[in-house]
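In what follows, a single structure is set out as structure tokens and then discussed.
Every number in this text was worked out from the coordinates using simple rules, so none of it is lab data. As the structure is a prediction and not an experimental result, all values here were calculated from the model. For neighbour counting, all protein chains shown are included, and Cβ atoms are generated from backbone atoms with ideal geometry for every residue, glycine included.
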Amino acid sequence: MKAQSYEVKKFELEKREKGSWGYGDIEKYWISFSDGTSGYVCYSSKYEVWYIYNGVGGTWDYESKEKVIKALYVYKTKNEKISDDGRVRR
């Protein structure tokens, strides 16, 4: 996959939820990028993982905020899902 360049414009906590979706307590963040791309990611304190929020739940777990931000950008701009190690999922 060709590397993409992106710049985070806003990373903002939207809300905290108790015991959500089996992930335990979560924090839901709104992210917008300088090109207008945007979406949500969540953090589970119970499992200490990040994931993309797609409207019905999470996608896959990511070990860091940086990795989930990159995955969100790729998902929103290329409609490709990438794993924690950055490879495209089929």
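Odds and ends about this structure:
- Model label sites at K9 and T77, defined 7 Å from Cα along the beta-carbon direction, differ in position by 1.3 nm.
- Within the chain, helix-based [θ] at 222 nm, where runs of 4 or more DSSP H residues each add -39,500 (n - 2.57), nearest 500: -5000 deg cm²/dmol
- Each Lys and Arg adds +1 at its Cβ and each Asp and Glu adds -1 at its Cβ; summed about the Cα centre, region 8-82 shows a dipole of about 160 debye.
- Charge tally for Y47 (other residues, Cβ to Cβ under 12 Å; Lys, Arg +1; Asp, Glu -1): -3.
- Within the straight-line cut-off of under 26 Å between alpha carbons, the lysines reachable from K28 are K9, K10, K15, K18, K46, K65, K67, K70, K76, K78, K81, sequence neighbours fewer than 8 places apart in one chain being disregarded.
- Gain in span if fully extended, D85 to E66, counting 0.36 nm per residue against the direct Cα distance: 5.7 nm
- Computed over the chain, relative contact order equals 19 percent, with contacts defined as Cα pairs under 8 Å that lie 6+ residues apart.
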